[in-house]
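Enquirer: I have a structure I would like to understand better, so I am pasting it below and will then ask my questions one at a time.
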Amino acid sequence: MLAQTPPMGWNSWNTFGRDINAEVVKGTVDKFIELGLDKAGYQYVVIDDCWSKRERDPATHRIVPDPVKFPKGMKDVSDYVHAKGLKFGMYSCAGVRTCADYPGSFDHEFLDAKTFADYGVDFLKYDFCFRPATANGPLLYRRMGQALRTCGREILFSACNWGSDDVWSWVRSAGVHMYRSTGDIFDNYKSFTDIMWSQTPESTVLDWHNGTEKLAKMVRAGGGSAANAPGCWNDTDMLTVGMFGKGNVGTSGCSASEYRMQFSLWCMMSAPLMLGCDLRSIDAESLALIKNPGLLAIDQDPEGRPMFLATRHWGRRCVFAKLLSGGDIALGFYNFDDNDASIPFYFQDIGLPDAAGVDLKLTNVLTGEDLGVRREYMNPVVPTHDCLVLRATPVHRP
Ligand code: GLA
């Protein structure tokens, strides 16, 4: 059974865009192992758009790998990935062309699924550009879903239609294991915070957040992270942690503390964790963040419960909570304000009034520090554009 917890891996798009090739992928795979990402739980190495020739083979109708980028073909890359114990992912599109204008799988779904199976593919990201108007999302994703289920190889199906056609309402039934529900991420603070709010039921009541009506509708209809469950996860796009403005979606970049916010929010949302930076040159702080065992445990919690906004103080200082299996609670204090500030939090706001007689034993997830037992409330100072993530164990007062 695939995707029992949110899938974890690396995808080429954020950093490499169309400059992807076998050397980059193999170099990334080597580094993946050297950095111990496999031991931390990361599994998939995914080649995004721009890996093929511009046209199909006229005789066989198959998509053909670009002979300059992948001189030994895709099976060679796949074998390399598998030899290191990792899983291999590739990309196609439900329309007639991919988003970057290479051949798409429209009307070739079963042939392409067979081709991917022949390559030894374990993961297919499936985009939504260049789609004939008469072919709707459910039809196209059901078609590729069946093509993958009957191709003779177990392949994780990663849908990428950016929330179109009320995707959350049919995507699980189409056999999809993870699905994008937003437009593309860019490497800046506004981009990832907008994405996070678009997944959060409370986005509709936050006056300072410019959520679109479409996303507000999605959340009201039960989409977003609330729809997560084993077997199918809401994908808030590849991470930009560690990019610092470099690469294909690099804009201003984020600060190290903003990457802490981004990564931990993705974990609080039980999002798939697809890394997007250049692993070959990742900095030590970003590496420690993406390998942080406490954060990964929150992301991979088997129950996949949605986070909720427990408290909002003076507008932009927020506490999110997520119930974990076994009774613990993840608490994320996020300071979206432009100055350092305290964030008061009453345990009442997660259902634990003082009269319950239940206190919280707290651990700082990022540092591992034991913060002791707190009663009724706390008021930590959180620097601007930073966060404090705690794991709380409810304990009965003696
Ligand atoms: C779309 C997707 C991106 C990426 C590009 C490739 O924009 O949303 O994640 O796959 O296409 O062209």
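Enquirer: Do we find a residue being in a helix (DSSP H, G or I), open to solvent by 40 Å² or more (accessible area, probe 1.4 Å) and of a type in the set (S, T, N, Q) anywhere in the range 278-295? Don't jump to the end; show me each part of the working.
Expert: Step one: list which residues in the range 278-295 are in a helix (DSSP H, G or I), which gives 279-281, 284-290, 293-295.
Imposing the further condition that a residue be open to solvent by 40 Å² or more (accessible area, probe 1.4 Å) reduces the set to 280-281, 284-285, 288, 293.
If we keep only those that are of a type in the set (S, T, N, Q) as well, we get 281.
Yes: one or more hits.
Enquirer: Listed residues ASP118, ASP166; which is surrounded by fewer than 17 Cβ atoms within 10 Å (Cβ to Cβ), closer than 17 Å to SER181 by Cα and of a type outside the set (Gly, Ala, Ser)?
Expert: The conditions single out ASP166.
Enquirer: Right, next: Would you please name the residue that is nearest to the ligand (Cβ to nearest atom), looking only at residues in the range 68-84 that are part of a loop (DSSP other than H, G, I, E, B) and within 15 Å of GLY27 (Cα to Cα)?
Expert: Going residue by residue through the range 68-84, those that are part of a loop (DSSP other than H, G, I, E, B) are 68-72, 84.
The next check asks that each one be within 15 Å of GLY27 (Cα to Cα); those that pass are 69-70, 84.
Numbers: LYS69: 15, PHE70: 17, LYS84: 24 Å.
Filtering first and then ranking leaves LYS69.
Enquirer: If we scan the range 340-354, do we find a residue that is in contact (Cβ under 8 Å) with a residue 60 or more places away in the chain, touching a strand residue (DSSP E or B) at 6+ places or on another chain (Cβ under 6 Å) and either of a type in the set (Lys, Arg) or open to solvent by less than 40 Å² (accessible area, probe 1.4 Å) (or both)? Spell out how you get there, then give the answer.
Expert: Initially, the range 340-354 is screened for residues in contact (Cβ under 8 Å) with a residue 60 or more places away in the chain, giving none.
No, every residue in the range 340-354 fails to be in contact (Cβ under 8 Å) with a residue 60 or more places away in the chain, touching a strand residue (DSSP E or B) at 6+ places or on another chain (Cβ under 6 Å) and either of a type in the set (Lys, Arg) or open to solvent by less than 40 Å² (accessible area, probe 1.4 Å) (or both).
Enquirer: Determine whether ASP194 is closer than 30 Å to ALA40 by Cα, away from the ligand (no atom under 14 Å from the Cβ), acidic (Asp, Glu) and open to solvent by 60 Å² or more (accessible area, probe 1.4 Å).
Expert: no
Yes/no per residue for (1) within 22 Å of ALA271 (Cα to Cα); (2) within 16 Å of the ligand (Cβ to nearest atom); (3) open to solvent by less than 10 Å² (accessible area, probe 1.4 Å):
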residue: PHE130; (1), (2), (3): no, yes, no
residue: LEU140; (1), (2), (3): no, yes, yes
residue: ARG149; (1), (2), (3): no, no, no
residue: TRP162; (1), (2), (3): yes, yes, no
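Enquirer: In the range 25-56, how many are surrounded by 17 or more Cβ atoms within 10 Å (Cβ to Cβ) and within 16 Å of the ligand (Cβ to nearest atom)?
Expert: Here the count works out to 10.
Enquirer: Taking only the range 358-395 into account, find how many residues are touching a residue at least 12 places away in the same chain (Cβ under 8 Å) and out of contact with any helix residue (DSSP H, G or I) (no Cβ under 9 Å at 6 or more places or on another chain).
Expert: Residues flagged as touching a residue at least 12 places away in the same chain (Cβ under 8 Å) and out of contact with any helix residue (DSSP H, G or I) (no Cβ under 9 Å at 6 or more places or on another chain) within the range 358-395 amount to 11.
Enquirer: Also, I was wondering about something else. Could you say which residue among GLY368, GLY326 is part of a helix (DSSP H, G or I) and open to solvent by 40 Å² or more (accessible area, probe 1.4 Å)?
Expert: When all the criteria are applied, what remains is GLY326.
Enquirer: I would also like to ask the following. Of all residues in the range 94-120 being in a loop (DSSP other than H, G, I, E, B) and more than 16 Å from the ligand (Cβ to nearest atom), which is nearest to MET274 (Cα to Cα)?
Expert: GLY120
Enquirer: Ok, one more. Looking at the range 126-158 only, could you name the residues that are over 19 Å from ASP79 (Cα atoms) and either part of a strand (DSSP E or B) or aliphatic (A, V, I, L, M) (or both)?
Expert: Correct list: TYR126, ASP127, ALA133, ALA135, LEU139, LEU140, MET144, ALA147, LEU148, PHE157, SER158.
The values are calculated or read from the model by the stated rules, or taken from the named source; none is laboratory data. Predicted model, so just to flag it, every value in this text is computed and none were measured. Note that we place each Cβ from the backbone using ideal geometry, even for glycine, and neighbour counts take in every protein chain shown. Surface areas here come from the heavy atoms of the whole protein model, side chains and all, with no ligands, DNA or RNA. Shrake-Rupley method; radii C 1.70, N 1.55, O 1.52, S 1.80 Å.
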